[in-house]
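Below are the structure tokens for one structure; questions will follow.
Laboratory data are not the source of any read-out in this text; all were calculated from the coordinates shown. Given the structure is predicted, the values throughout are model-derived calculations rather than measurements. No Cβ is skipped: glycine too gets one built from the backbone with ideal geometry, and neighbour counts run over all protein chains shown.
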């Protein structure tokens, strides 16, 4: 054999070996790069989910802070004490207007001229009863009539 020919074959084998090694290295780098891309996309998805949760919690936190400040105001505390505990300020008088049985009432409007609001609801079985707005009218502007109707 020719020495030039053998060196050419040896060089060709070395080149093929180098090409194969380079192809293997490129494949390994491609697999590693692909894994990192998949990992990065999953981390980005987690970051997006956590960011959405942070935004939700921040809005909830601001609503709770507003509610807390509203609940700590003097007017809210006073209102709740009046409604739930039945408290009143010194010098105030409390008026309780009892509800009447609405099943026995008919919705006919009175034409009585002495009724300023024309809001008397007639009940055929008993004496006429007044709606709440009329009772308040009498309470503030005609105490004598209010006292008469509250005794009914």
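Which of 8, 146 comes first, and how do the rest follow, when ranked by fewest Cβ neighbours within 10 Å?
Listing 8, 146 from fewest to most nearby Cβ atoms yields 8, 146.
Further question: Test of understanding: ordering 149, 47 by Cβ neighbours within 10 Å, fewest first, what list do you get? Walk me through the numbers on the way to the answer.
On the way: 149 17, 47 10.
Fewest-to-most Cβ neighbours within 10 Å comes out as 47, 149.
If a/c stays under 1.5 just call it rounded; otherwise compare a/b with b/c (prolate if a/b is bigger, oblate if not). Do that for region 46-105, with a ≥ b ≥ c from the square roots of the Cα gyration tensor eigenvalues. Don't jump to the answer; show the numbers that get you there.
On the way: a/c = 7.94, a/b = 2.14, b/c = 3.70.
Oblate is the answer for region 46-105, as a/c is 1.5 or above yet b/c matches or exceeds a/b.
If I stretch the segment between residue 69 and residue 85 completely, what's the gain in nm (0.36 nm per residue apart, minus their alpha carbon distance), one decimal? Each step should come with its number before you reach the end.
Numbers: separation 16, 0.36 × 16 = 5.76 nm, distance 2.14 nm.
Fully extending the segment from residue 69 to residue 85 adds 3.6 nm.
For a quick check: sort 56, 134, 145 by the number of other beta carbons within 10 angstrom, fewest at the front. Show your work: numbers first, answer last.
On the way: 56 10, 134 21, 145 18.
Going from sparsest to densest Cβ surroundings: 56, 145, 134.
Then there's this: How many angstrom lie between the C-alpha centres of region 1-66 and region 71-94?
So the two Cα centres are separated by 68 Å.
Measure off 7 Å from each Cα along the Cα-to-Cβ vector at residue 47 and residue 21, then give the distance between these two points in nanometres to one decimal.
Distance between the two pseudo-spin positions: 3.8 nm.
What full-extension length gain, to one decimal in nm, is calculated for residue 39 and residue 99 as 0.36 nm per residue of separation minus the Cα-Cα distance? Working shown, then result.
Details: separation 60, 0.36 × 60 = 21.60 nm, distance 6.86 nm.
Working it through step by step, the gained length comes to 14.7 nm.
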